[in-house]
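Presented below is the structure to which this report refers.
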Amino acid sequence: MAVTIAQLEVVAFEVNRRAAIAVPIDAEQAFRRAADRETNPLAKYVLDAIVENAELAVLDQRPMCGDTGLPRYYVKAGNDVHLEGGFAALERALRAAVARATQEVKLRSNRVHPITRRNPGNNVGVFAPSIDYRFEPEGDWIEITAVHKGGLFGSDYRMLFPGDGTDGIKRFVVDTIASFHRRGLACPPAIVGVGIGGTKDQCFTLSKEAACLRLVGDRHPDPVVAQLEEEIYDLCTKTNMGVMGLKSDTPVADVHCEIAYAHTGGTPVAVSELCTAVRRSTARLYNDGRVEFREDPRWFSPYMRREGIDLTPAEAGRAIWAPAAVPEEATVN
Ligand code: SF4
């Protein structure tokens, strides 16, 4: 048996629809907590409005932000999945689903030719939507995660050096967040993703995945990285630069760091922010025709984060995704 292309098209459309409309529960709860504990009345008013907006979007079945960002996909395939038509057919289905979602869900047609500014009107074009792939050694399934993320602000990169140490990483990240929030170039409270190490492009990719594909409250399984996440979160909180540029107790909803082994002479670091429009939705399709929808992408796995040639039993046993208390049901249907 195989995952059929017809099924892929339907499911790919559905994850785009869910992503556009429903803020995932982990993020919505984080914004609710931020509103509840906010001590600045004006910031509290705006945070309450963010929560109310998320509720109304589900009630009205409409996109939760007028700017529906750039639709993109993260695809993870188990080694035993069978795809009717193979990966080329999958990519066609993913592109067709974005065109359909633009029309029917009313995604804003944001994608244009970068020089002529020609707008095809369906968010499909050269390298659009972008599709990133990862693989797992076992599994008769394929997972499709749709993410709608803005692409204008909130990201930066710097090559640091071993002598900069973790203090240098923290300073770069906090300076970047403070600068964007002061200039109004983000919609806080943001989820901050930090990519540390790897190549330049790898650390940027990791920072975006860390911001978009992990739940609020999730901590990295490596205690050294988890501690850094906590320390950066505390420092960002102390900036007090929050929603709409107002003084606020919750400038960021969470901080997620991902690492990759780096050149011995350098430490590339990249920062990405996911604004209050948290838009992600995941579906897993099995060879036998079953489909499961969920809000947790479960993107980073022990296999992805393995250190050696093979996954060791100790790595496989690490907790990898977040608080069991976070419900997995999609809230949009
Ligand atoms: S930054 Fe996010 S919340 Fe603000 S307008 Fe853009 S998509 Fe919407």
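Quick look at the numbers
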quantity	calculated
Directionally averaged shadow of region 151-274, computed from the convex hull of its alpha-carbon atoms, nm²	6.7 nm²
1.4 Å probe accessible area per residue over the chain, in Å²	45 Å²
DSSP beta bridges in the chain [antiparallel fraction, %, rounded to 5]	70 percent
Aspartates and glutamates whose Cα lies under 16 Å from that of Lys200, excluding same-chain neighbours fewer than 8 positions away	Asp156, Glu209, Glu258
Among beta bridges that DSSP assigns inside region 151-274, antiparallel share in %, nearest 5	60 percent
Using θ = phi - 60° and Karplus 6.51 cos²θ - 1.76 cosθ + 1.60, couplings along region 231-238 (whole Hz; Gly, Pro as x)	5, 5, 4, 4, 5, 4, 4, 5
Cut-off under 5 Å, modelled amide H: who pairs with Ala262 long-range	Gly198
Solvent-accessible surface ranking, highest first, for Thr312, Thr176, Thr264 at 1.4 angstrom	Thr264, Thr312, Thr176
Residue-averaged [θ]222 nm for the chain, counting only DSSP H segments that reach four residues, each worth -39500 (n - 2.57)	-12000 deg cm²/dmol
Area accessible to solvent at His148, 1.4 Å probe radius, in Å²	0 Å²
Share of carbon and sulfur in the accessible heavy-atom surface of region 151-274 [1.4 Å probe, %]	57 percent
Two-site FRET efficiency, Asp60 against Leu185, from Cβ-Cβ distance with R₀ of 30 Å, rounded to 0.05	0.55
Three-way shape call for region 80-216 based on the alpha-carbon gyration tensor, with the a/c threshold at 1.5	oblate
Potential lengthening between Leu311 and Glu91 on full extension [0.36 nm per residue; Cα-Cα distance subtracted]	76.3 nm
Thr4-Asp201 FRET efficiency (beta carbon distance; Förster radius 35 Å; 0.05 resolution)	0.55
Angstrom value of the Kirkwood radius, inverse mean 1/r, which spans all Cα pairs in the chain	20.4 Å
Asp288-Val224 FRET efficiency (beta carbon distance; Förster radius 45 Å; 0.05 resolution)	0.65
Amide N of region 139-170 lying under 20 Å from the label point, which is placed 7 angstrom from the Cα of Thr264 along Cα→Cβ	160-166
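The values are calculated or read from the model by the stated rules, or taken from the named source; none is laboratory data. Just so we're clear, the structure is a prediction, and the values are computed from it rather than from any experiment. In this analysis, Cβ positions are derived from the backbone assuming ideal geometry, glycine residues included, and neighbour counts consider all displayed protein chains. Please note that ligands, DNA and RNA were not included when accessible areas were found on the heavy atoms of the full protein model with its side chains. Shrake-Rupley method; radii C 1.70, N 1.55, O 1.52, S 1.80 Å.
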